[in-house]
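S.K.: Pasting a structure below so you can have a look.
The values are calculated or read from the model by the stated rules, or taken from the named source; none is laboratory data. These figures come from a predicted structure and were not determined experimentally. In this analysis, Cβ positions are derived from the backbone assuming ideal geometry, glycine residues included, and neighbour counts consider all displayed protein chains. These area figures cover heavy atoms from the full protein model, side chains too; ligands, DNA and RNA do not enter into them. Shrake-Rupley method; radii C 1.70, N 1.55, O 1.52, S 1.80 Å.
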Amino acid sequence: MEIATGISDDYVYRMTISKPYTKARERLKAGQVLILDGGVSTELERRGIPMFDELWSGRVALDREEAIIDVHRTYIDASADLLLLEMMSIPARMTAMFDALRDIQLPVWCGLSAVRDAQNTIRSWHETTTAFSEIVELAAQQGFDALGIMHTSAELIDDALPVIRNRYQGPMMAYPDSGYLEMPHWRFVDTITPQRFAEFAHEWRRAGAQIIGGCCGLGPEHIGAIADMKSR
């Protein structure tokens, strides 16, 4: 499958030269797909690890380190290339974060989050008075190595990707959530099936996304369902 990606050498070659990242960089430059991992906190809960009212999964890092390691190993086995800035959606906070990272000598990938309002307009996830296009514009000015949409309904992503592509010519990524958080638990309600997730993933690929994975509510079985995309 041949897809025009529009990725410039400038974006690709500013990535780190470490061996694992070099391989990922070469795959992106060749127009291929990278697979991300899925949700970690929600996968821990799905496995029966206790959550906490104020900390959600934060306590697990202290009490059950082996469980976190096992989840990451499972994602690697499921074919994830990479284990990022996430849920960027409030302009004031985004600006502060971007300023803090301005001199960092590492590749930075930025994930934006969005919702639809009552008029079917795509808005910022945390600040619905802000248009999605506004946060895309702000992020696109930073020259990130990859930019995309995450922790967002799968049904919305296909409409959001063209908004990103119109303002950004580097690699795009997409990784949705499914279900919702009701502290201290993630509610696996109407969670997308691995098969339906794979169907969406192929739509996102056709829209130009090269980095595809899952966020909260999606697990290794979802990542495994799109493993074949790495060879396309």
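S.K.: Among (1) over 25 Å from ASP228 (Cβ atoms); (2) open to solvent by 40 Å² or more (accessible area, probe 1.4 Å), where does ILE122 come up short?
M.R.: So ILE122 meets the others, but not (2).
S.K.: Another question, if that's okay. Does any residue in segment 206-232 that is closer than 27 Å to VAL189 by Cβ and modelled with pLDDT of 90 or more come within less than 6 Å, Cβ to Cβ, of a residue that is of a type in the set (Ser, Thr, Tyr) and part of a helix (DSSP H, G or I) six or more places away or on a different chain, and which pairs are these?
M.R.: From segment 206-232, the pairs are CYS216/THR42; GLY217/THR42; PRO220/THR74; PRO220/TYR75.
S.K.: Look through segment 191-200, keep the residues that are at pLDDT 95 or above and more than 18 Å from LEU112 (Cβ to Cβ), and return whichever of them is most open to solvent (accessible area, probe 1.4 Å).
M.R.: Only one residue tops the list, namely GLN195.
S.K.: To continue, here is another question. Output the qualifying pairs, or none if there are none: Cβ atoms under 6 angstrom, residues six or more apart or on different chains, first residue in segment 137-157 and open to solvent by 10 Å² or more (accessible area, probe 1.4 Å), second residue in a helix (DSSP H, G or I).
M.R.: As it stands, the answer is LEU138/PRO91; LEU138/MET94; GLN142/PHE98, since those pairs meet every condition given.
S.K.: Follow-up. Could you please give the count of residues in segment 64-79 that are in a helix (DSSP H, G or I) and within 21 Å of LEU34 (Cα to Cα)?
M.R.: Of the residues in segment 64-79, 7 are in a helix (DSSP H, G or I) and within 21 Å of LEU34 (Cα to Cα).
S.K.: Looking at (1) within 19 Å of CYS216 (Cβ to Cβ); (2) open to solvent by 20 Å² or more (accessible area, probe 1.4 Å), which one does ASP77 not meet, given that it meets all the others?
M.R.: Only one criterion in (1) within 19 Å of CYS216 (Cβ to Cβ); (2) open to solvent by 20 Å² or more (accessible area, probe 1.4 Å) is unmet by ASP77, namely (1).
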